[in-house]
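Below: the structure, in structure tokens.
Read-outs: derived from the displayed coordinates by stated rules, not from any lab. Please read all numbers here as calculations on a predicted model, not as lab measurements. Glycine also receives a Cβ, built like all others from the backbone with ideal geometry; neighbour counts cover every protein chain displayed.
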Amino acid sequence: METLVVESVVKSYGSTLALSGVTLKIAPGVTGLLGPNGAGKTTLLRCLATGLAPDSGDIRIMGRDPRITSDLLEIRRRLGYMPQDDALYSSLTCFEYLEYMALLKEQFNRAARRAHIDELLAEMGLQEKRTSKVRRLSGGMRRRLMLAQALLGRPQVLLLDEPSAGLDPAHRLHFRSLITTGGESRTVLLSTHVTDDVEAMCDAVYVIDRGLVLFQGTPSQLSATAVGRVWISDVRTEGGQVTWRTGDGLYRSVGVAPDGATLVNPTIEDAYLLLVGQAALN
Amino acid sequence: MTPATASTNPQSTVSRAGRISLTVAIARILNWPIYAAGVGLAVGLSWLASLHTGGADVRAPLLRVALIALSLSAVSLFEDEANELTQTAPRGGGFQRRVRLLVTSAVWILGSFLVVGVGSIDLPSEEGVHSDQFIIEGLAEVGVVLAVAGVVSLSQHSDSSGASAAATLLTLLAISWLLPRQLRPWIVPGHIDWNRVRALWHGVALVTWGVAIATVAIEPYRALTVHSLQRSLPASVPGLGRSD
Ligand SMILES: Nc1ncnc2c1ncn2[C@@H]1O[C@H](COP(=O)(O)OP(=O)(O)O)[C@@H](O)[C@H]1O
Ligand SMILES: [Mg+2]
């Protein structure tokens with residue numbers, strides 16, 4: 001059973017078409033939304049988080065329609081959302097911030113609420129910052145606080161907009177484990193432009209660019225799309241659709257075979273570049 | 001893991017105690033320092049105005065500036081720094097905004113009474129202008145700006161709260177008010193024609209409402225102002241766009 005269903009959703013900002021007919025069906029588990037800047041990831045997540053109404057098309061979240069007022073409230077009660085830009089109150093402490101957000105999420109039992117918040121702070125490694133003002137936090141700590149906020153009430157659906165941006169490697173790993181241990185029944189949809197994130201934690205992936213779905217499938221299906229189209233050579237050669245120098249001094253090309261290059265196994269990043277590069281050329 | 005939440009019980013309605021703690025939390029989170037500074041400035045100005053023995057038309061300009069300062073600072077009470085997130089919370093949309101509107105209206109009206117009250121100390125009554133006329137003027141202003149801010153803020157999918165719109169509009173009003181008297185044909189030199197002022201106010205209120213509704217209803221207008229800077233960057237290879 002799909003938790004999130006998006007059917008031909010169109011959303012434009014004035015003359016900018018951000019989503020031009022997106023269709024997705026997302027089941028419980030972790031799904032990645034991969035795409036370059038401006039692909040429409042944030043717009044799609046905001047629509048799913050009930051913060052933005054699509055111009056046309058249908059959205060169903062846990063079978064409910066956000067256009068119906070009573071459904072909207074039920075959806076919001078089961079939803080955790082981490083926006084791309086930090087949505088914090090700089091004059092509050094971490095604890096006060098989470099407490100405010102918990103109240104907006106109807107957690108009115110004071111003792112239970114406070115215990116829950118302390119538990120989340122501990123999970124995020126923020127217990128020492130419990131009484132620090134939000135304005136004194138580093139960028140990575142803010143992201144962790146934003147994730148804690150999204151996890152308030154252990155929602156069934158988690159929408160995370162570039163959650164790993166700004167985290168150091170250790171916290172990025174920790175964060176991956178937090179997200180993937182959310183339970184079988186939880187649906188996580190996260191946007192990223194980091195292919196490593198998809199490889200590390202996603203059961204399914206959608207590649208979107210310019211408001212269109214270019215690919216849907218599993219991460220291994222994604223890398224399989226580039227089989228036979230990735231080459232390595234030790235000199236820079238013309239001909240590849242995208243060519244760059246790797247850390248070990250070799251040149252990696254995707255797309256068209258450059259002269260004298262060797263075929264290698266593709267990664268998700270290769271497949272992604274191939275897809276997005278193609279879209280850019282068309 | 002403690003699922004410490006009312007959301008485990010989908011049928012739960014907000015209890016009275018819940019409403020109270022929520023209202024208190026929302027009121028606490030408002031941007032009070034700016035409003036307090038605005039009240040201080042406004043009362044100071046109206047106290048200066050009250051030192052004039054000349055009467056209402058001498059005091060009026062200073063009182064107007066005081067009311068503008070007050071209103072501009074009160075607009076900051078609408079600003080929700082975390083709007084993008086809070087509007088998606090069960091009690092973050094309608095309820096939170098209603099509380100904001102209510103609290104803001106109350107303290108704003110109290111503030112403007114205070115300003116007008118201080119400004120009309122020792123006002124000679126034979127001037128023919130009484131403090132109630134200042135009150136009418138002040139409340140008209142408060143009403144218009146609250147209306148703008150309220151409409152913008154209560155519109156469900158607005159991503160800028162009423163503050164930006166109201167501040168812009170109020171600045172326009174301030175500029176028109178601060179024009180030298182000779183440039184304001186609705187005021188006869190040396191004498192304030194309150195009927196003309198009020199008639200003008202109705203016109204301004206109508207235009208303001210029009211702009212407010214346009215801000216809410218016409219997406220391109222908002223898109224132009226709010227996100228013109230947020231442009232997509234081409235993915236740079238191999239870092240794939242933003243480095244983070
Ligand atoms: N509020 C907005 N107003 C106008 N244009 C916007 C707004 N938000 C996003 N856009 C535009 O919509 C497109 C998709 O943006 P976005 O959803 O933020 O992409 P992503 O999150 O994938 O980087 C971009 O071209 C962007 O400039
Ligand atoms: Mg984005």
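Excluding same-chain pairs closer than 8 in sequence, count the lysine pairs in chain A whose Cα atoms lie under 26 Å apart. Numbers along the way, then the final one.
Values: A:Lys11/A:Lys25; A:Lys11/A:Lys41; A:Lys25/A:Lys41; A:Lys41/A:Lys105; A:Lys105/A:Lys129; A:Lys105/A:Lys133.
Going through chain A pair by pair, I get 6.
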Q | Using θ = phi - 60° and Karplus 6.51 cos²θ - 1.76 cosθ + 1.60, couplings along the range A:145-152 (whole Hz; Gly, Pro as x) | A | 5, 5, 5, 4, 4, 5, 7, 3
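Across peptide A:105-114, what mean number of C-beta atoms from other chains lies inside 10 Å of a residue's C-beta?
On the way: counts 7, 14, 5, 12, 5, 2, 1, 5, 5, 1.
If you average over the peptide's residues, the count of other-chain Cβ atoms is 6.
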Q) Sorted by average packing, counted as other Cβ atoms within 10 angstrom per residue and highest first, what order do B:112-118, B:69-75 take? A) B:69-75, B:112-118
Q. Given H placed on each backbone N at 1.01 Å, which residues far from A:Leu24 in sequence or on other chains put an amide H within less than 5 Å of it?
A. A:Val6, A:Glu7, A:Ser8
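Given the alpha-carbon gyration tensor of the range A:161-282, what are the semi-axes of its equivalent ellipsoid in whole angstrom, ordered largest first, with each equal to the square root of 5 times an eigenvalue? Kindly include the intermediate steps, with their values, before the conclusion.
Working: eigenvalues 172, 56, 31 Å².
Gyration-tensor ellipsoid for the range A:161-282: 29, 17, 12 Å.
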Q) In a shell of Cβ-Cβ distance under 14 Å around A:Gly277, excluding A:Gly277 itself, what net charge do Lys and Arg (+1) and Asp and Glu (-1) give? A) 0
Q) How many percent of DSSP beta bridges within the range A:143-268 run antiparallel, rounded to 5? A) 75
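Kirkwood Rh over alpha-carbon pairs of the range A:140-189, then Stokes-Einstein at 25 °C and 0.890 mPa s: what D in µm² s⁻¹, rounded to an integer?
Numbers: Rh = 11.1 Å.
Rounded, D is 220 µm²/s.
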Q: Name all residues of the range A:240-272 having a backbone nitrogen under 11 Å from the label point set 7 Å from the Cα of A:Asp234 along its Cα→Cβ direction, giving them as ranges.
A: A:250
Q. Say R0 is 35 Å: what FRET efficiency, to the nearest 0.05, do A:Leu17 and A:Gln221 get from their beta-carbon distance?
A. 0.80
